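Before any comments, here is the structure.
The values are calculated or read from the model by the stated rules, or taken from the named source; none is laboratory data. Model, not experiment: these values are computed from the prediction. Using ideal geometry, Cβ is built from the backbone for each residue, glycine included, and neighbour counts are taken over all protein chains shown.
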Amino acid sequence: MDVLREKESKKATYIQWLKVYRRKNLLKALLLMLPFLVLFVLFSVTPIVQGIMLSVYRTIAWKEIYVGFRNYIDLFTRDEVFRITVVNTLRYAGFSALSMGFALFLGWILNTLIVKPPSFKKVFQASILVPMVISWISLGMAWNWFFAMPFTKGWKNPLTDPNAAPWIVASLIMWSSLGYNSILMMASLRTIPREYYEAALIDGASGTQMFIYITLPLVKNLLAFMAVTGAIGAFAVFDQIATLTGGGPGWSTASMAWYMQRQVFYSLNYGYAATIAITLMSFVFILSLVQYRLIYKRFV
Amino acid sequence: MVFELRKKIKTFLVNFVADIGFIIGVIVYIIPFLILLAASLGANVMAGRFIPQQPRFDGYINIFTHPGFSLWVLNSIIFTVTVTAGSIVISTLAGYALSRLDFPGKGIIFWFILGIMMIPGIVAYLPLYIMLAKMKILGTYIALLIPPMSSPYNVFMLKQAFDAIPRDYEEAALIDGAGTFTIMFRIHLPIIRPVLTTLILFNIVWNWNNFGWPLFIATRTTLWNLPLGIWNLTWSYTVNFWNLAAGAVILATPPLILYIIAMEYYLRGIAVTGLKK
């Protein structure tokens, strides 16, 4: 009985001590986080709240007029351009996610292919990351000139063709994200223990079988996770559109972010632009939920 | 004997085919830079010619004598240095508190930061533009440089880095009577130095290439950075293509050199922590 009471009182003191300790820490922690929290609340949280508030107003004759959900209704039912931009954004996100497939292939090759030292493997590995470090202003200019080259007789620049341009832009987005994805894939393939493959080899499995029955199941979750991450990144596509086509010809290559910028600077329609931004945010939110589920699948 | 010869031939063939594939891959990935380089020396790339008939270097001279250009370069340097330094310092402090200190409300704050991190930055640009205009600081360096220092992404990355350090280190120091700040600067920061270096390297590239933020906020041409300035030059009809290409080469070269020098850091940064903007 006595022992039990002593234990209880010890536990109580410990909890009390923990409370004091945590409270004492609170001041220290707040002090450390203060610079970040101030900027974070002021420049990251407030603008999003204000964006939501802004999206229920409309600028008519330089006046902000409350219109309720009219902006959203118009955006989804009447706006032809918005429909194009949503399709384009989904296309870019899809291509970005699709690049994971190629990345898996490239990572597999870079990992398993054994070549003798004087080889271009290292150079290749280094060069696939180049689009990640060079500004899209430079890249866009270069690709514009590339597609203007006369490849065949009567060659028409596909970036000025409204049917081909979105696919070219999507492919270039895929091109630029492939290097990053491949390096990441390569790293995760390297974590698969060698013994798995050795055991399969003894059992007489072929390379393709090893890939399908050992590699694929092990990287499946990471693959899905990375695909969603890539899609989220591609949802805010902006620089690429600005430099490759400027959204044109017409609106054929415009993304949601680009359309939003046009609404701000050319139509001066802030409320409507905020509506587009909030819609973009909601799409990303839905994708994030998918990603959240995938994280838990991966770690549990 | 025959078997060995066969093996040798096989290795050679594998090497040969692989190298052809790799060379094609390398060309696909560096062709934009080659195009810009050729064009800046006066080659008429749009006609399909990569080698200039007579190399000219006046593109580089002309772009530097352009009235805005040196200012854009200066602005780019200011933007890169200030935002990177500010954001890293602030994020290190916040990341440390979130990782190493135990205090009430920590979980909520962290999840909130994580949630905001998911939202693309461009969503906030318009409200920020209006807000900064109301604060009457739009068109100043303060408006351009301070808001991007709030980077939930950096905080998250640094918290992860601090989380990876075992508790034993600080317990030993605690027994010796060291305070929080001593432990932080003397023990934890040196341990995460590689992560910190990698993060700084990535931040430098992101900030140097930042285009969307200045496009919204740099309302005066004297605040433009290099990407924005060159992008605006592409719409002008008075600038020759080799001048433009020279500008694009100058824009692409610093991050490229940094990448070549510190390639190990970039590769490891992706492989280990999955750094990406």
Subject >> Filter pass, B:G229 being in contact (Cβ under 8 Å) with a residue 24 or more places away in the chain, in a helix (DSSP H, G or I) and outside the structural domain of B:Y125 (by TED's automatic domain parsing) >> reply: no
Original post:
Pick from segment A:240-277 the residues that are hydrophobic (A, V, I, L, M, F, W, C) and more than 10 Å from chain B (Cβ to nearest Cβ): which of them is surrounded by the fewest Cβ atoms within 10 Å (Cβ to Cβ)?
Top reply: A:L268
Original post:
Just wondering, is there one or more residues in segment B:76-84 that are over 18 Å from B:L258 (Cβ atoms), part of a helix (DSSP H, G or I) and either out of contact with any Pro (no Cβ under 8 Å at 6 or more places or on another chain) or facing chain A (nearest Cβ under 9 Å) (or both)?
Top reply: no
**OP:** Any chance you could count how many residues in segment A:60-90 are within 14 Å of chain B (Cβ to nearest Cβ) and either surrounded by 17 or more Cβ atoms within 10 Å (Cβ to Cβ) or under 28 Å from the mean Cα position of the chain (by Cα) (or both)?
**Re:** 3
Subject >> Enumeration of residues in segment A:222-239 that are under 16 Å from A:M185 (Cα atoms) and within 14 Å of chain B (Cβ to nearest Cβ) >> reply: A:L222, A:L223, A:F225, A:M226, A:A227, A:V228, A:T229, A:G230
Original post:
Does segment A:218-235 include one or more residues that are among the small types (G, A, S) and surrounded by fewer than 17 Cβ atoms within 10 Å (Cβ to Cβ)?
Top reply: no
Original post:
Looking only at residues in segment B:150-187 that are within 11 Å of chain A (Cβ to nearest Cβ) and β-branched (V, I, T), which one is nearest to B:T198 (Cα to Cα)?
Top reply: B:V155
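Does B:L174 satisfy being assigned by TED's automatic domain parsing to the domain that holds B:N75 and either under 16 Å from the mean Cα position of the chain (by Cα) or part of a loop (DSSP other than H, G, I, E, B) (or both)?
Judged against the criteria, B:L174 is not a match.
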Subject >> Tally of residues being without any contact (Cβ under 8 Å) to a residue 12 or more places away in the chain and not in a helix (DSSP H, G or I) across segment A:112-134 >> reply: 9
Subject >> Test: residue in segment B:93-106 that is among the basic types (K, R), crowded, with 19+ Cβ neighbours inside 10 Å and out of contact with any Asp or Glu (no Cβ under 7 Å at 6 or more places or on another chain) >> reply: yes
Original post:
Within segment A:120-175, can you find the residues that are under 18 Å from B:M46 (Cα atoms), surrounded by fewer than 21 Cβ atoms within 10 Å (Cβ to Cβ) and small (G, A, S)?
Top reply: A:A148, A:G154
Original post:
Can you tell me which residues in segment A:92-111 are within 16 Å of A:I192 (Cα to Cα), in contact (Cβ under 8 Å) with a residue 24 or more places away in the chain and of a type outside the set (G, A, S)?
Top reply: A:L104, A:W108, A:L110, A:N111
Subject >> Any hit, segment A:150-161, residues being more than 14 Å from chain B (Cβ to nearest Cβ) and of a type in the set (D, E) >> reply: yes
